[in-house]
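Structure record follows, encoded as structure tokens.
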Amino acid sequence: MNYRQNRKVRNRVYGDSKRPRLSVFRSNKHLYAQIIDDGNGKTLLSICDVKTKANKKKSEKAEIIGKELAQKLKKKNIEKVVFDRSGYKYHGRIKALAEEVRKADIDL
């Protein structure tokens, strides 16, 4: 990912209180996801796989994070989000996270 790609995506993706933004950051070892209300400038939820104790593959950890994120979204009564992949290609860990959120009937 480079800065130019990220800016390009962020210019098109905007979350508000009705449909917040699901922003994903991927490092070499970990995956982070945030639910952000851009209208108010607040982070509603954040989750990462750093605390996951399981010795699993990165994509399997992404699936776990996706399930946990979907459960937290359901508790906050958020049914729709805008997916911000931050310029990353839609495959691997990013795809695994998004698919798990979709399985829980959250509209991406």
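Can you tell me which residue is surrounded by the fewest Cβ atoms within 10 Å (Cβ to Cβ) among those in the stretch 65-78 that are assigned to a helix (DSSP H, G or I) and of a type outside the set (A, V, I, L, M)? It would help to see each step written out before you state the result.
Step one: filter the stretch 65-78 for residues assigned to a helix (DSSP H, G or I), giving 65-75.
Of the ones still in play, those that are also of a type outside the set (A, V, I, L, M) are 66-68, 71-72, 74-75.
Details: G66: 25, K67: 15, E68: 16, Q71: 11, K72: 15, K74: 13, K75: 9.
The qualifying residue surrounded by the fewest Cβ atoms within 10 Å (Cβ to Cβ) is K75.
Considering V81, V50, which residue is surrounded by 16 or more Cβ atoms within 10 Å (Cβ to Cβ) and either more than 14 Å from A104 (Cβ to Cβ) or modelled with pLDDT of 90 or more (or both)? Steps first, please.
Values: V50 fails: surrounded by 16 or more Cβ atoms within 10 Å (Cβ to Cβ).
Criteria check complete, one pass: V81.
Which of (1) charged (D, E, K, R); (2) under 22 Å from V13 (Cα atoms); (3) without any contact (Cβ under 8 Å) to a residue 40 or more places away in the chain; (4) surrounded by 15 or more Cβ atoms within 10 Å (Cβ to Cβ) does R93 not meet, given it meets every other one?
Tallying (1) charged (D, E, K, R); (2) under 22 Å from V13 (Cα atoms); (3) without any contact (Cβ under 8 Å) to a residue 40 or more places away in the chain; (4) surrounded by 15 or more Cβ atoms within 10 Å (Cβ to Cβ), R93 fails exactly one: (3).
Yes/no matrix, rows are residues, columns are (1) among the hydrophobic types (A, V, I, L, M, F, W, C); (2) surrounded by fewer than 19 Cβ atoms within 10 Å (Cβ to Cβ); (3) at pLDDT below 90:
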{"position": "K8", "(1), (2), (3)": "no, yes, yes"}
{"position": "V13", "(1), (2), (3)": "yes, yes, yes"}
{"position": "K18", "(1), (2), (3)": "no, yes, yes"}
{"position": "N28", "(1), (2), (3)": "no, yes, no"}
{"position": "I35", "(1), (2), (3)": "yes, no, no"}
{"position": "D38", "(1), (2), (3)": "no, yes, yes"}
{"position": "K57", "(1), (2), (3)": "no, yes, no"}
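The values are calculated or read from the model by the stated rules, or taken from the named source; none is laboratory data. Note that the structure is a prediction, hence the values are computed from the model and not measured. Cβ sites come from the backbone with ideal geometry, for glycine too, and all protein chains shown count toward neighbours.
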